[in-house]
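For reference, the structure is listed below as structure tokens.
Since every read-out is calculated from the coordinates, none of them should be taken as a lab result. Computed from a predicted model, the values in this text were never measured in an experiment. Note that each Cβ is placed from the backbone with ideal geometry, even for glycine, and that neighbours are counted across all protein chains shown.
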Amino acid sequence: MKQSNVLCEPNAVILEAHGLVRVYGGIRALDGLDLQIKRDEIHCIIGPNGAGKSTFFKMLMGIEKPTSGNVLFNGKDVTKLPTYARARLGLAIKFQAMQVFQELSVFQNLFIPLRRHYKPKNIPDEAKNLLAQLHLEGLEETIVGDLSHGQQQWLAIGMSLAAEPKLLLLDEPAAGMSHDETRLTASIIQKLKSKGVTVVVIEHDMAFIRDLNATTSVLHYGQLFAQGSFSEIEQNDEVRRIYMGTL
Ligand code: ATP
């Protein structure tokens, strides 16, 4: 695979998938997916159930390996790298399922990932910085089980940010959130972008995608079906047809 040489361009590509195929038994969850994510953008991925969205994230993080095809991160082919090596290069993921420790405090939850990257004396300040970004100011001592669902999701995002990733993958971050929490989640993601984190979001909640107002890719049967601004995608009749009127 030829390595990308687009790093010096202002809108250089941070992530590339080339011809990704992932077969499970007889199912082609990914069927030759080609997709590029630009640095410092928010990029939304939508598509019908079973389109291959979560499988794509698994390939990006190395949680599972593709049957064929390649993943390039910052121009480097990472297809064969394990998850921890990709994390060291700056890739992070927040899964849909809750990844927080319910019985520990907010600070204790953040302490666990932060201690891998900071000296103990710097951790309280780093935790405070993260909490300020996540609408969780002053909640250090609160037991996580006492937080709302949305606050717990934001804390999980904070734990993914502890390693200061360059690219953050969020799988349905607004699932189960109230309307207000959903709006705040969109503003948290916008702020991450302004701090130089590229964010890729899988989501079914179209109001949330509309709030993000970002480049949107539509997956269908494991391939890229359409790509454009959200308003372009929203007005695309073919996309509306495969999404059965959910747009
Ligand atoms: P949803 O929006 O419902 O979460 P998705 O777009 O994320 O769907 P995937 O979860 O990536 O879709 O699944 C794509 C296809 O691959 C589906 O048909 C699914 O049943 C299948 N699949 C995914 N993981 C596995 C697995 N571990 N074993 C067998 N089939 C799988």
Quarter of Cα convex hull surface for segment 26-115, i.e. mean projection, nm²: 7.9
Among ILE45, ILE93, ILE63: highest mean-square fluctuation, GNM of the chain, C-alpha pairs under 10 Å: ILE63
Cα principal axis extents for segment 35-74, largest first, Å: 28, 25, 15
Segment 146-190: C-alpha pair distances exceeding 14 Å, %: 47
Per DSSP, loop trypsin sites (Lys or Arg not before Pro) in segment 36-95 with at most 12 further Cβ within 10 Å: LYS80
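Magnitude of the Cβ-charge dipole of the chain, K/R +1 and D/E -1, about the Cα centre, nearest 20 debye? Working shown, then result.
On the way: 26 positive and 27 negative charges, 200 e Å.
Charge dipole, the chain, about its Cα centre: 960 debye, nearest 20.
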Whole-angstrom gap from segment 96-161 to segment 29-68, using each part's C-alpha centre: 27
Rounded to whole Hz, the Karplus (6.51, -1.76, 1.60) HN-Hα couplings of segment 225-233, x for glycine and proline: 8, 7, 8, x, 5, 4, 5, 4, 5
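Considering only the chain, what is the antiparallel percent among its DSSP beta bridges, to the nearest 5? Can you show the working numbers first?
Values: 22 of 39 bridges.
Rounded to the nearest five, the antiparallel share is 55 percent.
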Other-chain or far-sequence residues with amide H under 5 Å of GLU41's (modelled H): VAL199
3J(HN,Hα) from dihedral phi, segment 55-60, Karplus parametrisation 6.51/-1.76/1.60, rounded to Hz, x for glycine, proline: 4, 4, 4, 4, 5, 5
Helix 149-161 axis, angle to the chain major axis (alpha carbon atoms, nearest 10°): 80
Dipole in debye (nearest 20) - segment 114-205, about Cα centre, beta carbon charges: Lys, Arg +1; Asp, Glu -1: 580
Total charge dipole magnitude, segment 71-156, about the Cα centre, Cβ charges on Lys, Arg, Asp, Glu only, Debye to nearest 20: 640
Rg [Å, one decimal], Dmax [Å, integer] - segment 116-169, C-alpha atoms: 11.4, 31
For q = 0.15, 0.16, 0.21, 0.22 Å⁻¹, Debye-computed log10 I/I(0) when each Cα of segment 29-174 counts as one equal scatterer: -0.83, -0.92, -1.31, -1.38
In Hz, Karplus ³J(HN,Hα) per residue of segment 132-142 (6.51, -1.76, 1.60; θ = phi - 60°; x = Gly, Pro): 5, 6, 10, 6, 10, 4, x, 9, 3, 8, 5
Descending principal axes extents, segment 135-240, alpha-carbon based, whole Å: 50, 28, 24
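Taking only the Cα atoms of the chain, how large is their convex hull per residue, in Å³?
Convex hull volume per residue, Cα atoms: 130 Å³.
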